[in-house]
């Protein structure tokens, strides 16, 4: 898979690309990340990428010319792929979107700056994505979030293939608690069921913990989660007022 990231700060991504899972995935040839310097597609000596908005108002707007030239260049030299603008007004990014993007061979991310991007560029894009209900100084941190979430879903990117399948949101629920050595630490122990060796009971405990945490912290997720009759019975014992199960 390949990411092309259009930005005025291509070195913003240096640390991200050189560490951890992303570095290993790049070295293994699983993913390629290509930061594209937008200023290379400007024509004035100041390498201008923004201008005042028509109609007045605060801030500056990213100009269409360099962005279109960058997109045209990527299309000519690397084939097609969805063009995604990182924007606070976009669709909220979640695990479902990450899974969909992980099936693409190529994704082009456009990092906004200033007050926004000329709408004609947005009209050319396939999607606008937001990583949350807040405003950042630019799209670069959001691009890192998107790439990290997608890369870890690519086959071979994680050391353990099950890790991505059991993480929060992958099952529609928040992930259950984890424990490791030592068995006792500052007066707190590990739940006995995890020491029992009874894998069926461990799986049941983990499922119930996921249900409990999701009900406490993100009850909205339960509306779309695949819930068994046993799940529903447990949730109702905790005070859940919903009423839908998958079987």
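Solvent-free Debye calculation, one equal scatterer per alpha-carbon of region 87-145: log10 I(q)/I(0) at 0.20, 0.24, 0.28 Å⁻¹ equals -0.79, -1.12, -1.42. Based on DSSP H segments of at least four residues, each scored -39500 (n - 2.57), the chain has a per-residue ellipticity at 222 nm of -10000 deg cm²/dmol. Peptides 104-113, 25-34, 216-225 ranked from most to least packed, by the mean per-residue count of other Cβ atoms within 10 Å: 104-113, 25-34, 216-225. Centre-to-centre separation between the Cα atoms of region 52-92 and those of region 100-155: 11 Å. Taking the Kirkwood radius as Rh and the Cα radius of gyration as Rg, region 168-247 has a ratio of Rg/Rh equal to 1.02.
Two decimals is fine: what is log10 I(q)/I(0) at q = 0.19 Å⁻¹ for region 1-78, from a Debye sum with one equal scatterer on every Cα and no solvent? Cα-only, vacuum Debye calculation for region 1-78: -0.88. In the set (i) 1.13; (ii) 1.26; (iii) 1.21, which value of Cα Rg over 2.2 N^0.38 Å was calculated from the structure you see? Matching entry in (i) 1.13; (ii) 1.26; (iii) 1.21: (ii).
Report, in degrees rounded to the nearest 10, the 0 to 90 angle that the Cα long axis of helix 199-217 makes with the longest principal axis of the chain. Tilt relative to the chain: about 60 degrees. Of the residues 75, 87, the one with the fewest other Cβ atoms within 10 Å heads the list, and the complete ranking is 75, 87. The residues 115, 128, when put in order of fewest to most other Cβ atoms within 10 Å, stand as 115, 128.
Any chance you could give the angle, 0 to 90 degrees and rounded to 10, that helix 140-151 forms with the longest Cα principal axis of the chain? The angle comes out near 50 degrees. Annotation: the residues 210, 99, sorted from fewest to most other C-beta atoms within 10 Å of their own C-beta, follow the order 99, 210.
Read the figures in this text as sums done on the coordinates, not as results from a lab. The shown structure was predicted, so the numbers you read here are calculated from the model rather than taken from an experiment. Every residue, glycine among them, receives a Cβ derived from its backbone with ideal geometry; neighbour counts consider all protein chains shown.
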